[in-house]
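A short reminder: the numbers here are calculations on the coordinates, not readings from a lab. All values derive from a computational prediction rather than experimental measurement. So basically every Cβ, Gly included, is an ideal-geometry build from the backbone, and we count neighbours across all protein chains shown.
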Amino acid sequence: MGAHDRAVTNGGLGRLALLRFKPETRQSYVLLCTVLWSGLTFLVVHNCVLSTVVVQGKSMMPTLTPGDCRIVNCLLPHLRDYRRSDVVVIRDSVQNEFIVKRIVGLPGEQVQLRSGRVYVNGQVLPEPYLAAGTRTYSLQDRVITVGADSYFVMGDNRAESEDSRFFGNISRRDLVGIILQ
């Protein structure tokens, strides 16, 4: 056997070993690899890139209604920071569920709920996504400072929403992703 023959044989051992299988076994092997890689790809995409959520409850009406199915982009927040007005999915570890809310206050900002309006850093927050005539009330009239790596979130249906007015700021690590509109 010449030097050229050895190089081809040594370099193609995996290929030669696969060629020794019966055609039926080779097809099964290819099918198994395809299924495993497809499953792995699905899990990575579903958990790290895109996911889905079905809305339950009325806290985000009129933007989202009960039964709406939406896509959650889990990768985008790693490419850019969360922004005001982003509709996000939040992991509620206390009740072991996911909730959907809108970001109103960003890290380091001051949020105040006064006279039925939301103020951020002393300025009225324009909220075109709310139904006409929606008023925002709080049990306390105070200025809330949003902590570093935290967000102040609220539902669009303010009368039906349990949000940061009740449970405080949301840590960034509890945010799952941004709902694509």
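Remarks
- Virtual spin-label span in nm between residue 123 and residue 29, 7 Å along Cα→Cβ: 6.5 nm
- For residue 147, nonlocal amide neighbours, meaning residues 5 or more places apart or on other chains whose placed amide H falls under 5 Å from its own, are 108.
- For the stretch 38-126, the list of trypsin sites (Lys or Arg not before Pro) that fall in a loop by DSSP and count at most 16 other C-beta atoms within 10 angstrom reads 58, 80, 83, 84.
- Its Cα centre serving as origin, the stretch 96-181 has a Cβ charge dipole (Lys and Arg +1, Asp and Glu -1) of approximately 220 debye.
- DSSP-assigned coil residues among chymotrypsin sites (Phe, Trp or Tyr not before Pro) in the stretch 133-168, each with at most 15 further Cβ atoms within 10 Å: 137
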